[in-house]
1. So which of 59, 2 ends up being of a type outside the set (Phe, Trp, Tyr) and out of contact with any strand residue (DSSP E or B) (no Cβ under 6 Å at 6 or more places or on another chain)?
2. Which of the residues spanning region 103-129 are surrounded by fewer than 20 Cβ atoms within 10 Å (Cβ to Cβ), in contact with a helix residue (DSSP H, G or I) (Cβ under 9 Å, 6 or more places away or on another chain) and of a type outside the set (A, V, I, L, M, F, W, C)?
3. Quick check on region 11-54: of everything there that is of a type in the set (D, E, K, R) and closer than 18 Å to residue 78 by Cα, which residue is surrounded by the fewest Cβ atoms within 10 Å (Cβ to Cβ)?
4. Select from region 44-72 the residues that are farther than 19 Å from residue 130 by Cα and either touching a residue at least 40 places away in the same chain (Cβ under 8 Å) or of a type in the set (Lys, Arg) (or both) and list them in ascending order.
5. Mind listing whichever residues of region 1-47 are among the β-branched types (Val, Ile, Thr) and part of a helix (DSSP H, G or I)?
Amino acid sequence: MSKYKVNKTEEEWKAQLGDEAYKILRLKGTERPFTGEYNLHYDKGNYNCKACDATLFESNSKFDSGCGWPSFDESIPGTVEYVKDYSHGMIRIEILCANCGSHLGHVFNDGPTETGTRYCVNSLSINFNKD
């Protein structure tokens, strides 16, 4: 039994998400930098998990980090799970949706704001809901 509130088979996830988003959210892929819909997006609203629609980030926490992916300096408390990631010869902290376990990206301790954090998120892992 999964620890997540939202559970689906991999076939159900793939049918819901489509190939590209499935590769990011369920297979822990990444999109090419500077290609994502939300990289330079600054409307007011919330960013939700594309897989389960859980609200993860508020627009007031978004900033341009220059890294090529949407960046936030904090998540909504309790919405993101943190997992050590040893892939690609590095040690990083992977961020997952706490509601469904989908891969969002990684968090780093090099953010320019007072939080000191930079949530580096794939555009294909989120949807935007305008205020």
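1. 2
2. 113, 115 - these are the residues of region 103-129 that are surrounded by fewer than 20 Cβ atoms within 10 Å (Cβ to Cβ), in contact with a helix residue (DSSP H, G or I) (Cβ under 9 Å, 6 or more places away or on another chain) and of a type outside the set (A, V, I, L, M, F, W, C).
3. Top of the filtered list is 53.
4. 65, 67, 69
5. 24
No lab work stands behind these numbers, since they all come straight from the coordinates. Note that the structure is a prediction, hence the values are computed from the model and not measured. Glycine gets a Cβ as well: all are built from the backbone with ideal geometry, and neighbour counts include every protein chain shown.
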